1. Once phi is turned into ³J(HN,Hα) by the Karplus curve 6.51 cos²θ - 1.76 cosθ + 1.60 with θ = phi - 60°, what whole-Hz value does each residue of the stretch 336-348 show in order, with x for glycine and proline?
2. Which ³J(HN,Hα) values in Hz, rounded to whole numbers, follow from the phi angles of the stretch 105-112 under the Karplus curve 6.51 cos²θ - 1.76 cosθ + 1.60, where θ = phi - 60° and Gly and Pro get x?
3. To the nearest 20 Debye, how big is the dipole of the chain about its Cα centre, given +1 on the beta carbon of each Lys and Arg and -1 on that of each Asp and Glu?
4. Please report the net charge: other residues with Cβ closer than 11 Å to the Cβ of Y280, K and R +1, D and E -1.
5. Looking at G240, S272, N329, which one has the Cα that reaches farthest to the positive end of the dipole of the chain (charges on Cβ: Lys, Arg +1; Asp, Glu -1)?
6. Quick one: net charge around K189, please, counting Lys, Arg +1 and Asp, Glu -1 for every other residue with C-beta under 9 Å from its C-beta.
7. Under 5 Å between amide H atoms, partner at least 5 residues away or on a different chain: which partners does G214 have, H built in plane at 1.01 Å?
8. Would you be so kind as to identify which of I184, Q135, V162 lies farthest towards the positive end of the dipole of the stretch 129-189, taking Lys and Arg as +1 and Asp and Glu as -1 on Cβ and the Cα centre as origin?
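We did not get these values from a lab; they are worked out from the coordinates using the rules stated. Remember, it's a predicted structure, so these values are computed and weren't measured experimentally. Cβ placement follows ideal geometry from the backbone for every residue including glycine, while neighbour counts extend to all protein chains displayed.
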Amino acid sequence: MLKITILALHLSTGGTEKAVTTISNMLTKRCEVEIIANYKLEETPAFEIDERVKIRYLMPNLKPNAKEFKMALKSFHLWTALKEGLKAIRILYLRRALMKKEIKNLDCDIAISTRYMYTKLLGKYGSKRIIKVAQEHNDNGKKSYIHKTVRSLKNIDYLMPVSQHLADLYEEKLEKKQTECVYIPHCLKNYPETVSNLEEKNIVSIGRLSPEKGFSDLIEVFEIVSRRHPDWRLNIVGEGQEREKLEELIKEKNLYDKITLVGLKKEEELASIMLESSLYVMTSLYESFGLVLIEAESYGIPILAFDSAKGPNEIIHTGRNGFLVPNRNKKLMANRINELIEKQGLRKQIGIGAREDSEKYKMENIERIWYKFIERMITN
């Protein structure tokens, strides 16, 4: 049986981690799949994973300590900060050294890297007999990052960007390189049988509470919406470094009884939240794909996003499954939301379009593309 090894940072929450577990579950139907991860951040993976998938953690008792280091600095506990700083250096050293050792000793047919740092190690230390694939999940728009990624692809056979936009960009950069650029879309891990009735007065957004997700903008957009529709609520699902800042902004705008930062939720809890939501709004500054968008539309929920994030541009078809809003125009985004709130017929029509559009991301459809790609790799 063909053996595939996936190199991952961890298996906690995150778009990359969800993609890793979904791909692993899909490929284990015909292949032996192993995930090698640096960190074991939780007792069990955040997303359900097939029992046939083998998981190995290289640092099961060590976790990143950036938060502890920053807290020590902020509170002027210099001795604690020094200890945490030295611990951080050790963790970062082990992260690279242990993964490097594993890559040197890989016993598989295909190795898939999910991070830039692993791609570089895989190309440098991976056996020549192994087919090497680098997945690229990052689309921050920085030319320096793109250049760095291209340089990391030495001895890598295939680059798999997460979006068509990224695939087109890298294909041009790799025109005279040995690495072939291949695009396979993300897929839905589960396809819900039940859809939202779009009658609940709830708007939802899911993501890490970090600057690039633009949740401050979302709160400002909702403030405009709330003036006209005070009975509607916004639920923001996720955790991260900006939680305190967002809480202060919500309080400042007197929206604490209308906006809830609900924290991290398990998959079954997310399903309940989706079923009780009538609109999904994304305000990311940049987004490589937007897995949460196809998940929302699989529940028949209209999806809205700013067009500044390239990923949603490939998913949202304005007027069919949702709306793309240009130039990060908050007032226009609020107007689009108000329109869908006030026109129930339009909301339900677009919800039907969203559900129909999501069908192409069903696992069985993407699975066929993956196995065709694998067959081509091993016969080349």
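1. With the stated coefficients, the stretch 336-348 comes to 5, 5, 4, 4, 6, 5, 7, 10, 4, x, 5, 4, 6 Hz.
2. 10, 4, 10, 8, 8, 10, 10, 10
3. 1800 debye
4. -2
5. G240
6. -2
7. L285
8. Positive-end residue among those listed: Q135.
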